[in-house]
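What follows draws every value from the coordinates through simple rules; no lab data is involved. Note that the structure is a prediction, hence the values are computed from the model and not measured. Here the Cβ is made from the backbone with ideal geometry for all residues, glycine too, and neighbour counts use every protein chain on show.
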């Protein structure tokens, strides 16, 4: 059953030598199952050659798994042939009928299509978010100028409408930034600029940002702090974003 599976499968014994390999695994390496039997892990990795982006890291990870006789593992493996492939590697310990440890089974499920869809989704989110953020920033800037009296005095009724538009604009910008951040986190591209920051200042800024929005729900915000807390190491912009989101959710 394993031998005829379309999914590449191989097993290593306690000495890190090939105990079993099916045809799908052998064909991926350009050889036969019999030719793989008894091969050491190093030889197996050598057969994979440049198809592995980092052969040393792959070999080290497999060796570490062989040291663990209990846990199951799952990870995404990149494999480059004439095109870039992705496999979901699933590993399980193998035991003899008497329960003693024999080795590990490695099964590779093709996840290329899934990865390509995920990358396309992230690219779309990034492009769409940037395209939305640019006009929203311009709209917010124009509203700020109008509220500041750039085009002349603003009566109370007009000011109220402009403030509503400004708040809605700020909420959309925050939402766009949140979507971009999620995309960065999923792609492991999120970068934090760590520096000493004042928590009290962060709370003040976030409170000012959300104040008008809170008032639209008849909620009044106030800071009650006997003494400012000590500075902490963090990313000021991210912390402002988190506190603002928490306040916005609390106001609702």
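Once you order the gyration tensor axes a ≥ b ≥ c over the Cα atoms, which shape class does region 89-156 get: rounded for a/c under 1.5, otherwise prolate or oblate by comparing a/b with b/c? Here region 89-156 falls in the prolate category. The long axis of helix 236-251 is offset from the longest Cα principal axis of the chain by roughly 70 degrees. Stokes-Einstein diffusion of region 12-130 at 20 °C, 1.002 mPa s viscosity, Kirkwood radius from Cα pairs, rounded to a whole number: 136 µm²/s. Helical content alone sets the calculated 222 nm signal of the chain at -17500 deg cm²/dmol, taking -39,500 (n - 2.57) per DSSP H segment of four or more residues and averaging over every residue.
Sequence-distant contacts, meaning Cα pairs under 8 Å at least 6 residues apart, place the relative contact order of region 113-190 at 42 percent.
Compute the whole-percent fraction of alpha carbon pairs in region 73-218 spaced more than 18 Å apart. Cα-Cα pairs in region 73-218 separated by more than 18 Å: 75 percent.
Based on C-alpha pairs under 8 angstrom that are at least 6 apart in sequence, the chain has a relative contact order of 12 percent. Under the classification rounded if a/c is under 1.5, otherwise prolate if a/b is larger than b/c and oblate if not, where does region 113-190 fall, given a ≥ b ≥ c as square roots of the Cα gyration tensor eigenvalues? Here region 113-190 falls in the prolate category. The orientation-averaged projection of the convex hull spanning the C-alpha atoms of the chain amounts to 21.7 square nanometres. Would you work out if region 175-222 is rounded, prolate or oblate? Take a ≥ b ≥ c from the square roots of the eigenvalues of the alpha-carbon gyration tensor; rounded if a/c is under 1.5, else prolate when a/b is larger than b/c, oblate otherwise. Judged from the Cα gyration tensor, region 175-222 comes out oblate (a/c at least 1.5, b/c at or above a/b). Would you mind pulling out the separation of the Cα centroids of region 154-193 and region 219-252, in Å? Going from one Cα centre to the other spans 16 Å. Relative contact order for region 30-105: 21 percent, from Cα pairs under 8 Å spaced at least 6 residues apart, divided by residue count.
Simple spin-label estimate for residue 119 and residue 252 gives 3.4 nm between the two label positions (7 Å along the Cα-to-Cβ direction from each Cα). Give the angle, between 0 and 90 degrees and rounded to the nearest 10, that separates the Cα long axis of helix 199-215 from the longest principal axis of the Cα atoms of the chain. On a 0 to 90 degree scale, this one is about 60.
Gyration tensor analysis over the Cα atoms of region 192-252 returns equivalent ellipsoid semi-axes of 22, 14, 7 Å (largest first, whole Å).
Any idea what angle helix 112-147 forms with the longest principal axis of the chain, computed on alpha-carbon atoms, 0 to 90 degrees, nearest 10? Between helix and principal axis, roughly 10 degrees.
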